[in-house]
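What follows is a single structure, written as structure tokens, with notes after it.
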Amino acid sequence: MAKTTVKASFIAYGFKWLVLILIVGVAAGTLSALFLAALNLVTIFRDNHTWMLYLLPFAGLVIGFVYHHKGKEVERGNNIIFDTVHNPAAIIPFKMVPLVLTGTVVTHLFGGSAGREGTALQMAAATADQLHKPFKLNAAERTILLIAGLSAGFASVFGTPLAGIVFGIEVLLLGKIPVKAILPAIATAFIGAYVTELWGVGHTHYSIALILPLTFRGIAYSVIAGLAFGLAAIAFVKLTEGFSHGFKKISYPPLRPFAGGVLVLLLFLLPGTYKFAGLGIPAILDSFNTASQGSDFALKILFTAITLGSGFKGGEVTPLFFIGATLGSALSVFLPLPVGLLAGMGFVAVFAGAAKTPLACCLMAMELFGLSCGIYVAIACTVSFFISGRHSIYNAPENKTPRHFLFGKIRNLFF
């Protein structure tokens, strides 16, 4: 009788998690598909109506007004999710989903320089957390579900399930791998990515035309490039934080993104700056084929730091891809490595330094560009991770005092 009871409890527990995984994976994939389709539509519309840029300050005013009056609890975005994982408290408000989705789409419609990962993470994690009470999850189970949500959100928005699996765990900078979270993270990441594809929403394809055989010189050049990528990550974090502190001196919050929109609009008046609007995918693709201008990565840092620092909505990751790819591409003038290889290394290495996720970034590179770039990318991501120290795009306390399960102790000896 006792064995039968135990068996029934085990089956019920397994069925519960099967249902949870399916709900989170399908929800994340569907929300990302909706989000990506909306971004594609508004980007095409903006490209055909560039006068929309002149309305950016007013779009910022609307976003700021809505968040000030309806979304104060979710203003901190990803950091709310990380805080909830480390210190479980109130359920993440579901209003985060429509607010961040709408706010990000509006930001891109009017030309704000922002990304998409933050939105996907917030939608997936907030949706997952709504299941906490109906399924009577304890604190440990809730943490596992939130990690699964992060993995599904990342995997579905970029189409990289392997990177999504690791990202959901690694971004939290835990002291050790939460073993119980691995299987749910794997399942939700693959389901999320698959569901997004089922909806017919594609992802941008990048390719590295030439990868040289690895040599000692190639390793040395990769280290030098990694140093540059780490410094770029620091510059991005510090400038974004600086603008955020500066805009907070404006007492009425809705005026902060309005002022930020004015500054970004003034920058758009400079010749050749439209490529810094929105995601900037065309410029990223070009960087893999021809050397980018040396100022491209710096201007993207400036545009994005003002946009996000003033309170517009969106993620940091795609701008970091832009910054890294164009910086790597520009370095090809000085470093004797193929332009596409350097662009690909920078694409993930600046992100690795700024988000403290070198393992996820290495996997992402191999999913996007192929296995042959692995060693070059691993060197660049690791160097960028160490050089960037404690600077992070995420402001949860754990991200400022990292305890990375693989690199944490090593880095703490030097930084």
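Have a look at GLY218, GLY261, GLY280 and point out the one that is modelled with pLDDT under 95 and touching a Pro at 6+ places or on another chain (Cβ under 8 Å). Even if it seems obvious, please write down each step before you answer.
Working: GLY218 fails: touching a Pro at 6+ places or on another chain (Cβ under 8 Å); GLY261 fails: modelled with pLDDT under 95.
Within the list GLY218, GLY261, GLY280, the selection yields GLY280.
List pairs: first in segment 53-74 and on the phi < 0 side of the Ramachandran plot, second of a type in the set (Lys, Arg) and crowded, with 18+ Cβ neighbours inside 10 Å, Cβ under 9 Å, 6+ apart or cross-chain?
Filtered contacts from segment 53-74: LEU53/ARG46; GLY60/ARG256; ILE63/LYS313; GLY64/ARG256; TYR67/LYS313.
All but one of (1) assigned to a helix (DSSP H, G or I); (2) of a type outside the set (Val, Ile, Thr); (3) open to solvent by 20 Å² or more (accessible area, probe 1.4 Å) hold for SER32; which doesn't?
(3)
Could you grab me the full set of residues in segment 333-350 that are in contact (Cβ under 8 Å) with a residue 40 or more places away in the chain and more than 17 Å from ILE219 (Cβ to Cβ)? Break it down into steps so the answer makes sense when it comes.
Filtering segment 333-350 for residues in contact (Cβ under 8 Å) with a residue 40 or more places away in the chain gives 333, 335-347, 349-350.
Of everything in segment 333-350, those that are in contact (Cβ under 8 Å) with a residue 40 or more places away in the chain and more than 17 Å from ILE219 (Cβ to Cβ) turn out to be VAL333, VAL339, GLY340, ALA343, PHE347, VAL350.
Among the numbered criteria (1) modelled with pLDDT of 95 or more; (2) crowded, with 23+ Cβ neighbours inside 10 Å; (3) not polar (S, T, N, Q), which one does ILE44 miss?
Answer for ILE44: the failing condition is (2).
Quick one: in segment 47-56, of everything that is open to solvent by 40 Å² or more (accessible area, probe 1.4 Å) and outside any loop (DSSP other than H, G, I, E, B), which residue is nearest to PHE312 (Cα to Cα)? Can you show your working first?
We begin by selecting, within segment 47-56, every residue open to solvent by 40 Å² or more (accessible area, probe 1.4 Å); these are 47-51, 54-55.
Checking the rest, the ones that are also outside any loop (DSSP other than H, G, I, E, B) come to 47-48, 50-51, 54-55.
Values: ASP47: 20, ASN48: 22, THR50: 19, TRP51: 19, TYR54: 15, LEU55: 13 Å.
Among them, the one singled out is LEU55.
Out of curiosity, is ALA228 crowded, with 22+ Cβ neighbours inside 10 Å and assigned to a helix (DSSP H, G or I)?
Numbers: crowded, with 22+ Cβ neighbours inside 10 Å: yes; assigned to a helix (DSSP H, G or I): yes.
Spelling it out, ALA228 is indeed crowded, with 22+ Cβ neighbours inside 10 Å and assigned to a helix (DSSP H, G or I).
Tell me, please, whether a residue that is in a helix (DSSP H, G or I), open to solvent by 10 Å² or more (accessible area, probe 1.4 Å) and of a type in the set (A, V, I, L, M) can be found in segment 330-337.
Filtering segment 330-337 down to residues in a helix (DSSP H, G or I) leaves 330-331.
Narrowing further to those that are open to solvent by 10 Å² or more (accessible area, probe 1.4 Å): 330-331.
Right, trim to of a type in the set (A, V, I, L, M) and you get 330-331.
The answer is yes; a qualifying residue exists.
With the condition kept exactly as written, say whether any residue in segment 262-279 is buried (at least 24 other Cβ atoms within 10 Å of the Cβ), under 25 Å from ASN48 (Cβ atoms) and among the basic types (Lys, Arg).
no
crowded, with 24+ Cβ neighbours inside 10 Å, out of contact with any Lys or Arg (no Cβ under 9 Å at 6 or more places or on another chain), hydrophobic (A, V, I, L, M, F, W, C) and in a loop (DSSP other than H, G, I, E, B): does that describe LEU172?
Criteria met by LEU172.
Specify the residue that is nearest to ALA233 (Cα to Cα); the eligible residues are those in segment 302-324 that are over 15 Å from the mean Cα position of the chain (by Cα) and aliphatic (A, V, I, L, M). Spell out the reasoning first.
If we filter segment 302-324 for residues that are over 15 Å from the mean Cα position of the chain (by Cα), which is where we start, we get 302-303, 306-307, 309-312.
Retained after the next criterion (residues that are aliphatic (A, V, I, L, M)): 302, 306.
Values: LEU302: 12, ILE306: 16 Å.
The selected residue is LEU302.
Which of the residues spanning segment 97-140 are open to solvent by 20 Å² or more (accessible area, probe 1.4 Å), assigned to a helix (DSSP H, G or I) and farther than 23 Å from PRO254 by Cβ?
Within segment 97-140, THR127, ALA139, ALA140 qualify.
Can you spot a residue in segment 196-210 that is assigned to a helix (DSSP H, G or I), open to solvent by less than 70 Å² (accessible area, probe 1.4 Å) and under 12 Å from SER32 (Cβ atoms)?
Within segment 196-210, one or more residues are assigned to a helix (DSSP H, G or I), open to solvent by less than 70 Å² (accessible area, probe 1.4 Å) and under 12 Å from SER32 (Cβ atoms).
When you check PHE386 against the structure, is it modelled with pLDDT of 90 or more, buried (at least 24 other Cβ atoms within 10 Å of the Cβ) and either over 19 Å from HIS86 (Cβ atoms) or in contact with a Leu (Cβ under 6 Å, 6 or more places away or on another chain) (or both), yes or no? Spell out the reasoning first.
Details: modelled with pLDDT of 90 or more: yes; buried (at least 24 other Cβ atoms within 10 Å of the Cβ): no; either over 19 Å from HIS86 (Cβ atoms) or in contact with a Leu (Cβ under 6 Å, 6 or more places away or on another chain) (or both): yes.
Criteria not met by PHE386.
Output yes when any residue across segment 294-305 is over 16 Å from TYR54 (Cα atoms) and assigned to a loop (DSSP other than H, G, I, E, B), and no when none is.
Step one: of segment 294-305, the residues over 16 Å from TYR54 (Cα atoms) are 294-302, 304-305.
With assigned to a loop (DSSP other than H, G, I, E, B) added as a condition, the list becomes 294-295.
So far as segment 294-305 goes, yes, one or more of its residues are over 16 Å from TYR54 (Cα atoms) and assigned to a loop (DSSP other than H, G, I, E, B).
The values are calculated or read from the model by the stated rules, or taken from the named source; none is laboratory data. As the structure is a computational prediction, the values presented were derived from the model and not from experiment. Ideal geometry is used to build each Cβ from the backbone, glycine not excepted, and the neighbour counts take in all protein chains shown. SASA here: full protein model, heavy atoms, side chains in, ligands and nucleic acids out. Shrake-Rupley method; radii C 1.70, N 1.55, O 1.52, S 1.80 Å.
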